[in-house]
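For reference, the structure discussed in these notes is given below.
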Amino acid sequence: MRKRNEGGKGLESHIIPRRQHQVSRANISKPALKVLYRLRDAGFQAYLVGGGVRDVLLGLHPKDFDVATDALPEEVQKLFQNCRLIGRRFRLAHVHFGSHIIEVATFRASSPKDNVSNPRLVHSEAGMILRDNVYGTLIDDVFRRDFTVNALYYNIDDFSVRDYVDGLKDLKARRLRMIGDANQRYREDPVRMLRAIRFAAKLNFKISPETETPIFELGNLVTQVPAARLLDEYIKMFLAGFGVVSFQLLRHYRLFRILFPETSRSLDGKNRTLVEGFITNALKDTDSRVREARPVALPFLLAAFLWYPMQEEARRLMAEGLTDVQAFYEASTLVLQRQQSAVALSRRLVLAIREIWTLQVRFSKRVGKRALQVYAHPRFRAGFDFLCLRAASGEREVQKVATWWKQFVEANDEHKLRRR
């Protein structure tokens with residue numbers, strides 16, 4: 001197959017030879033190496049790019065590796081029987097090795113403003129890119145990346161690292177800097193504002209002034225992003241071990257109110273200290289579990305984020321004449337429905353959140369066989385952990401209940417029967 005032009009004459013000085021960097025094939029997963037070598041052997045350019053290169057240079061151990069190439073998605077698919085093409089907005093090739101996936105992206109073309117007449121590039125009226133399958137050269141691709149530290153390319157041909165935007169300098173300075181005009185780049189894809197916060201939290205980087213200033217001005221553009229994409233960003237920010245810092249940064253940049261408007265109102269209300277402490281404790285626990293390689297549950301964390309908005313809605317409904325049980329279930333429905341417009345929640349997630357909340361009511365009913373019935377509930381552990389979190393965060397009315405259930409959980413089967 002023919003090799004396409006790399007483009008970008010006169011940029012050879014940005015090639016860092018193997019002896020001057022620490023990226024080694026020993027740091028790269030075998031599936032990623034297989035993809036790189038097969039693309040190269042077929043006559044295509046093949047580069048490791050993005051977080052994998054960045055994290056290795058930082059001395060971290062990346063789980064995922066992405067590949068950039070001049071091969072078209074259909075050409076990648078012909079090379080790998082285990083390949084699937086995905087995406088409408090950005091056409092990508094996913095090469096599967098069991099549960100491990102190597103994402104292969106074709107070099108993107110130059111700036112969208114230079115391709116406004118191309119039918120493969122579609123913008124919204126606000127300037128957001130809705131579809132972008134315009135392909136280009138390596139140098140074009142560099143300037144389509146978001147941040148300089150994510151635009152470092154490891155070349156499998158000669159094991160060099162290519163850096164055309166001073167990404168290494170920013171990496172050493174622990175600085176996050178947007179490639180190009182941040183104002184325009186955020187308008188093209190408002191999710192980049194969330195990515196800036198996510199990387200700053202994950203890497204403990206400072207966001208450069210020219211990159212962070214527009215976030216305060218353009219934050220409302222995030223409301224135009226599909227709710228499903230925002231859920232994906234939520235998962236990456238809050239279930240990866242740096243949730244507490246992500247929460248703090250989202251509030252600082254005034255983006256949390258867009259993702260969780262109901263929760264944001266609770267954080268500004270009279271119980272703000274209790275709400276903030278509860279969410280922070282939930283995130284601390286989740287971060288700790290990630291560090292210890294223990295499982296984490298998305299429904300649990302979402303239930304924590306929305307618990308106080310639901311409680312406040314229930315009190316409002318009770319003031320209108322509903323019973324406490326009626327108000328509880330009606331408030332659960334209303335808050336979850338309103339949250340759907342910001343961050344998408346599947347039916348499975350909604351059901352799991354409601355079950356965790358419903359168990360909070362059932363925990364107070366312990367007479368007869370009820371305790372054993374609650375204990376047998378498939379989501380008992382999540383509900384019990386939630387109850388303990390409430391007690392530890394200052395909800396005095398549930399502290400005795402939490403203590404009783406702790407003793408019940410720790411008791412052997414014979415004692416469980418006696419405590420009915």
For the residues LEU389, LEU239, LEU351, what sequence is obtained by ranking on other C-beta atoms within 10 Å, fewest first?
-> LEU351, LEU239, LEU389
Most fluctuating of PRO73, PRO299, PRO209 in the GNM of the chain (C-alpha, under 10 Å) is PRO209
Calculated FRET value between ARG19 and ASP268, using beta carbons and R₀ = 45 Å, to 0.05 | 0.25
Gaussian network model of the chain, Cα springs within a sub-10 Å range: biggest mean-square fluctuation belongs to which of ASP189, ASP146, ASP324?
-> ASP324
Are there trypsin sites (Lys or Arg not before Pro) in region 247-326 that DSSP puts in a loop and that have at most 11 other Cβ atoms within 10 Å, and which ones?
-> LYS270
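According to the square roots a ≥ b ≥ c of the eigenvalues of the Cα gyration tensor, what is the shape class of region 12-181, taking rounded for a/c under 1.5, prolate for a/b larger than b/c otherwise, and oblate for the remainder? Numbers along the way, then the final one.
Numbers: a/c = 1.74, a/b = 1.13, b/c = 1.54.
It is oblate, given that a/c is not under 1.5 and a/b is not larger than b/c.
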Packing rank of 169-181, 133-145, where each peptide gets the mean count of other beta carbons within 10 Å, highest leading | 133-145, 169-181
Cut-off 10 Å between beta-carbons: net charge of the residues surrounding ALA327, Lys and Arg +1, Asp and Glu -1 = -2
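Among TRP404, TRP307, TRP357, what is the fewest-to-most ranking by other Cβ atoms within 10 Å?
Final ranking by Cβ density, sparse to dense: TRP404, TRP357, TRP307.
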Express the Stokes-Einstein translational diffusion coefficient of the chain in µm² s⁻¹, to the nearest whole number, given a Kirkwood radius over alpha-carbon pairs, 4 °C and a viscosity of 1.567 mPa s.
-> 54
Decide, for region 281-420, between rounded, prolate and oblate: order the square roots of the alpha carbon gyration tensor eigenvalues as a ≥ b ≥ c, take rounded if a/c falls under 1.5, and otherwise choose prolate if a/b is larger than b/c, else oblate.
-> oblate
When LEU218, LEU250 are arranged by how many other beta-carbons sit within 10 Å of their Cβ, fewest first, they go LEU218, LEU250
The chain: calculated mean residue ellipticity at 222 nm from DSSP helix runs of at least 4, using -39500 (n - 2.57) = -15000 deg cm²/dmol
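Only the coordinates and a few stated rules stand behind these numbers; no lab work does. These figures come from a predicted structure and were not determined experimentally. Cβ: placed from backbone, ideal geometry, glycine included. Neighbour counts: every protein chain shown.
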